[in-house]
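Presented below is the structure to which this report refers.
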Amino acid sequence: MATTCVVGILWGDEGKGKVIDYLAADTDFVVRFGGGHNAGHTLVLPSGKLVLHLIPSGIVHPHTVNVVGNGVVVDPVHLCSEIDKVRQRGIDIVLGKNLLLSERAHVILEAHRRQDQWAEGLRGSGKIGTTGRGIGPAYADRCARIGLRLGDLLRPERLRAAMQGLALQKNAWFAPSGLAPIDVEAAVRELAAAGDRLRAGIVDAGAVLRAAQKAGKRILLEGAQGCLLDVEHGTYPFVTSSHASTGGAFSGTGLPPHGMRVVGIAKAYATRVGEGPFPTELKDELGDKLRIAGNEFGSTTGRPRRCGWFDTVAVRYSAALAGVDELVLTNLDVLRGFPLRLCTGYLLPDGTRTADLPAFDLDVARPELIDLPGFSEDLRAVRSFDALPANAQAYVQAIEQHTGVPIRTISVGPERHQVILR
Ligand code: GDP
Ligand code: IMO
Ligand code: MG
């Protein structure tokens, strides 16, 4: 199948960036379909680590066209500086050639960032733990039909009118809420300047992608976040504000729902940044040890990631939701020297057991865990399944058995070549 969609299976940071960079070698287009610069996708290149937030993870390959789809919310000022940063690493970016931006993608404004941080402050101990980058308010304004789109940045009259319309509504409650009112002229100046820089890349990306698909081009759709952060299917309200599962791949690109291969990325253990339920979380020294072994600190905010056991209930749920054909299991090398445990069910406070992810009360679900024998070998140089220690093989097979999804690719290190294909 010429179109492949890559989605995160839990709460993000599963190693999508690494896997997409790896798969992009055989791809013509790499397309981000959702989220914004809340995402942090890490590539480990010979020249060192590169963290991408908005630019798709195929950008290192000179032959790929990288597309920021209409489902992404774009902070144009951030995007300009990210382009500069990537270019400084010696990676060529030519807007309109290897980087296209959907004219329909909505814009994150400075006001959205302030609103995001203000809302978190109001939530107090019930905070979501957002990245504070304005993602939620930008998507909210898209739904409220007062948002600005990237194409507006190229149309001075429309830009001013759209900013005025948005400010009219927001300033009506910003001032009484203690937020500084939006300065329309300052925003217009900043956005028009960013628009000038990005002009050559702002196109009807949906039309380009539909034509490419028709012509048989190989398209890789790059998910951001993970299925359990999906605004509708995730652990609401502790989610992001976009459709992070496969559903977002159609609405977020303008591609029709023709068949595609869906690849789910899951870590060999579970992590989460920010607040919200996490049944298999390790709140003890073992969790701290796992955080250090896996270098589990957020790629975007640097926050320590919460760590826990692999959760086959959550993975089975997400795989079903996303229509996953196969899983890529990442970070297996990190589990060297750790006890291995899998969650295979939840016990609820009323004494019942479930093997399904509930929409409510996940915070009081207790994990049912099974033990497996661990391994002590260094896996980073292993390149075939048969060469893995028997206990590591058995762990992979147990995950397949409990999730019902085949694992065809195993990642044993952050670098592109540290991969085992089965
Ligand atoms: P993404 O948001 O899904 O792209 O993931 P992030 O880049 O935020 O976080 C994944 C982290 O794991 C990054 O630091 C990667 O370099 C690293 N990583 C990816 N795959 C592997 C792997 O197989 N083993 C190890 N040790 N690290 C990995
Ligand atoms: P990648 O693509 C991990 C989390 C935040 C917070 C919640 C809402 O790198 O996997 P938001 O700023 O989106 O309103 O925050 O979602 N979050 C992520 N966690 N990886 C990400 O992206 C995330 N993007 C958002 O920590 O809990
Ligand atoms: Mg990340």
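Post the alpha-carbon centroid distance, the stretch 190-267 to the stretch 318-393, in whole angstrom.
Answer, in whole Å: 28.
Residues of the stretch 266-421: accessible area per residue at 1.4 Å, in Å²?
Value returned for the stretch 266-421: 43 Å² of accessible area per residue.
Could you tally the net charge around Glu415, taking each other residue with its Cβ under 9 Å from the Cβ of Glu415, Lys/Arg +1 and Asp/Glu -1?
+3
With each label point set 7 Å from Cα along the Cα-Cβ vector, what nm distance links Leu45 and Gln169?
So the label points at Leu45 and Gln169 sit 4.0 nm apart.
Given labels modelled 7 Å from the Cα in the Cβ direction, how far is it in nm from His258 to Leu95?
Result: 3.1 nm between the two label points.
What net charge is computed for the residues neighbouring Asp204, neighbours being all others with C-beta under 9 Å from the C-beta of Asp204, Lys and Arg scored +1, Asp and Glu -1?
Summing Lys/Arg as +1 and Asp/Glu as -1 gives 0.
If you take the beta carbon distance between Ala186 and Ala381 as r and set R0 to 60 Å, what does 1/(1 + (r/R0)^6) give as a FRET efficiency, to the nearest 0.05?
It comes to 0.65.
Mind giving me the FRET efficiency for Ser177 and Glu232? R0 is 30 Å, r the Cβ-Cβ distance, nearest 0.05 is fine.
0.60
Just to confirm, what accessible area per residue do you get for the stretch 74-206 at 1.4 Å probe, in whole Å²?
With the other protein chains kept in place, the stretch 74-206 gives 47 Å² per residue.
Please list, in chain and number order, the residues 5+ apart from Cys5 or on another chain whose amide H is under 5 Å from its amide H, with Hs placed from the backbone.
For Cys5, the qualifying residues are Leu221, Arg261, Val262, Val263.
Between Leu357, Leu43, Leu54, which gets the highest mean-square fluctuation from a Gaussian network model of the chain, Cα cutoff 10 Å?
In the Gaussian network model the winner is Leu357.
For Ser242, enumerate residues with amide H under 5 Å from its amide H, sequence gap 5+ or separate chain, H modeled in the peptide plane.
Answer set, sorted by chain and number: Val231.
At a Förster radius of 22 Å, what calculated FRET efficiency corresponds to the Cβ-Cβ distance of Lys85 and Thr301, to the nearest 0.05?
0.85
Hey, got the dipole for the stretch 266-421? About the Cα centre, +1 on K and R Cβ, -1 on D and E Cβ, debye to the nearest 20?
360 debye
How big is the Kirkwood radius of the stretch 1-85, worked out from every pair of different alpha carbons and given in Å to one decimal?
13.2 Å
Could you order Ser125, Ser102 by accessible surface area, starting with the largest, using a probe radius of 1.4 Å?
So the residues, ranked largest to smallest area, are Ser125, Ser102.
Could you give me the ³J(HN,Hα) list for the stretch 202-219, computed from phi with Karplus coefficients 6.51, -1.76, 1.60 and θ = phi - 60°, whole Hz, x at Gly and Pro?
Couplings: 7, 9, 7, 5, x, 5, 4, 5, 5, 5, 5, 4, 4, 7, x, 5, 8, 10 Hz.
Which of the listed residues, Val107, Gln164, Ala192, is farthest toward the dipole's positive end in the stretch 106-197, when Lys, Arg count +1 and Asp, Glu count -1 at the beta-carbon?
Val107
Amide H neighbours of Gly36 under 5 Å, counting only residues 5+ apart in sequence or on other chains, H built in-plane at 1.01 Å?
Val73
What list of ³J(HN,Hα) values in whole Hz, one per residue of the stretch 71-76 in order, does the Karplus curve 6.51 cos²θ - 1.76 cosθ + 1.60 (θ = phi - 60°) give from phi, with Gly and Pro shown as x?
Karplus-based 3J(HN,Hα) across the stretch 71-76 equals x, 8, 9, 10, 8, x Hz.
Quick one: putting +1 on the C-beta of Lys and Arg, -1 on the C-beta of Asp and Glu, what dipole do you get for the chain around its Cα centre, in Debye to the nearest 20?
900 debye
Need one number: % antiparallel among DSSP beta bridges in the stretch 278-422, to the nearest 5.
Beta bridges within the stretch 278-422, antiparallel portion: roughly 75 percent.
Over the stretch 199-333, what percent of the accessible surface lies on carbon and sulfur atoms, probe 1.4 Å?
Whole-percent figure for carbon plus sulfur exposure: 53.
Quick one: the Cα spread of the stretch 72-142 along its three principal axes, in angstroms, biggest first?
44, 27, 16
Give the Cα extents of the stretch 266-421 along the principal axes, in whole Å, largest first.
Taking max minus min along each principal axis of the Cα atoms, the stretch 266-421 gives 47, 33, 29 Å.
If we restrict to alpha carbons, what Rg and Dmax does the stretch 106-197 come to, in Å?
13.4, 43
Please tell me the relative contact order of the stretch 266-421 in percent, rounded to the nearest whole number, where contacts are Cα pairs under 8 Å and at least six residues apart.
Reported relative contact order: 25 percent.
Taking the radius of gyration and the Kirkwood hydrodynamic radius from Cα positions alone, what is the Rg/Rh ratio for the chain, to two decimal places?
Checking Rg against Rh, the ratio lands at 0.97.
What number comes out for the charge environment of Arg160, summing +1 per Lys or Arg and -1 per Asp or Glu over other residues with Cβ under 14 Å away?
Residues near Arg160 contribute -2 overall.
Using a 1.4 Å probe over the heavy atoms of the protein chains, calculate the carbon and sulfur portion of the accessible area of the stretch 106-197 as a whole percent.
So the carbon and sulfur contribution to the accessible surface is 53 percent.
Mark the label point 7 Å from the Cα of Glu285 along Cα→Cβ and return the residues of the stretch 336-377 whose backbone N is within less than 19 Å of it.
Residues passing the 19 Å test: 336-341.
The values are calculated or read from the model by the stated rules, or taken from the named source; none is laboratory data. Small disclaimer: the values here were computed from a predicted structure and weren't measured. Positions of Cβ are generated from backbone atoms using ideal geometry, with glycine treated the same way; all protein chains shown enter the neighbour counts. Side chains are part of the model used for accessible areas, which takes the heavy atoms of the whole protein and leaves out ligands, DNA and RNA. Shrake-Rupley method; radii C 1.70, N 1.55, O 1.52, S 1.80 Å.
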